[in-house]
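Report on the following structure.
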Amino acid sequence: MRILIIEDEHKIANSIKKGLEQESYAVDVAYDGQYGLDLASTEDYDSIILDLMLPKLSGMQICKQLRQLDVHTPILMLTAKGEIDDKVNGLNAGADDYLVKPFAFAELLARIKALSRRPKNNTGSILSVSDLTLNTITYQVKRGQKNINLSKKEFALLQYFLQHKEQILSKDQIINHVWNYDADVLPNTVEVYVGYLRNKLDKAFKNKKPLIHTIRGFGYKISDKQNV
């Protein structure tokens, strides 16, 4: 899951970034509205955390321009203002949710998870394929009754696969959603992490059919079908 934070207060932005990265998200930060709009309109994010009061472009302007550009990434708007009119204006501009500063990180995290589920039509916190399950709340991963320990990046990669099960995902798509914008990631890095997941999810269960498949020339797919 890849998130963009557009927030000019460095302490707040960096604190949110650190917290989200500890929760296995890939996070980019823009400290002004113009750079934030540039990133949001050219890169592929799962959610955007957007401050209302920003230099160069306001959060309201960014919201409106993104929707006019047909960018429908879920937006959580942050602001120090708590008046009803500000909330209504933010939502009318295209924001999906609204959080007033100061806020608890746990609430922000819960709202981001809820927003991230909406466009993918997930109805709960459990993602699954065959007997493999991933809980986005508790971070528990199981195949059958056996718990599987994953690193943060392995968890993020598996979550992205499961949110797009039965779909072929290219290496570029995976990099764009699982790693930060400024991360030095090569296509071979994706192969390495897919290999890590295969070792833990497929090779460790020799009596069960493999779930992660290579689609030569295209990318990878998670599926419980034998012929993919």
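Observations
- The condition of being more than 28 Å from L20 (Cβ to Cβ), of a type in the set (K, R) and out of contact with any Cys (no Cβ under 6 Å at 6 or more places or on another chain) holds for only one of K206, K200, K153, K171, that being K206.
- Filter pass, I12 being out of contact with any helix residue (DSSP H, G or I) (no Cβ under 6 Å at 6 or more places or on another chain) and either farther than 18 Å from V178 by Cα or small (G, A, S) (or both): yes
- Among residues of region 30-47 being under 19 Å from A114 (Cα atoms) and in contact with an Asp or Glu (Cβ under 9 Å, 6 or more places away or on another chain), the one that is surrounded by the fewest Cβ atoms within 10 Å (Cβ to Cβ) is Y45.
- Within region 28-53, the residues that satisfy the criterion of being modelled with pLDDT of 95 or more and outside any helix (DSSP H, G or I) are D28, V29, A30, Y31, D32, I48, I49, L50.
- Only a single criterion out of (1) surrounded by 14 or more Cβ atoms within 10 Å (Cβ to Cβ); (2) modelled with pLDDT under 90 is not satisfied by F161, namely (2).
- Considering residues of region 58-75 that are closer than 13 Å to A40 by Cα and of a type in the set (A, V, I, L, M) only, the residue surrounded by the fewest Cβ atoms within 10 Å (Cβ to Cβ): L69
- Failed criterion for S24 (all others in (1) part of a helix (DSSP H, G or I); (2) of a type in the set (S, T, N, Q); (3) over 14 Å from L66 (Cβ atoms) hold): (1)
- Residue match in region 183-202 (condition: basic (K, R), touching a Pro at 6+ places or on another chain (Cβ under 8 Å) and not assigned by TED's automatic domain parsing to the domain that holds L20): yes
- Filter result (touching a residue at least 24 places away in the same chain (Cβ under 8 Å) and touching a helix residue (DSSP H, G or I) at 6+ places or on another chain (Cβ under 9 Å)) within region 129-148: V129, L132, L134, I137, Y139, R143, I148
- Note on region 182-199: among residues that are surrounded by fewer than 17 Cβ atoms within 10 Å (Cβ to Cβ) and touching a residue at least 40 places away in the same chain (Cβ under 8 Å), the one that is nearest to T136 (Cα to Cα) is Y196.
- The set of residues from region 11-29 being of a type in the set (G, A, S), touching a residue at least 40 places away in the same chain (Cβ under 8 Å), surrounded by fewer than 21 Cβ atoms within 10 Å (Cβ to Cβ) and over 14 Å from A106 (Cα atoms) comprises just one member, S24.
- For L76, the criteria (1) over 16 Å from F105 (Cβ atoms); (2) of a type outside the set (G, A, S); (3) in a strand (DSSP E or B) hold in every case but one, which is (1).
The values are calculated or read from the model by the stated rules, or taken from the named source; none is laboratory data. If you're wondering where the values come from, they're calculated on a predicted model, not measured in any experiment. With ideal geometry, Cβ positions are generated from the backbone for all residues, glycine too; neighbour counts draw on all protein chains shown.
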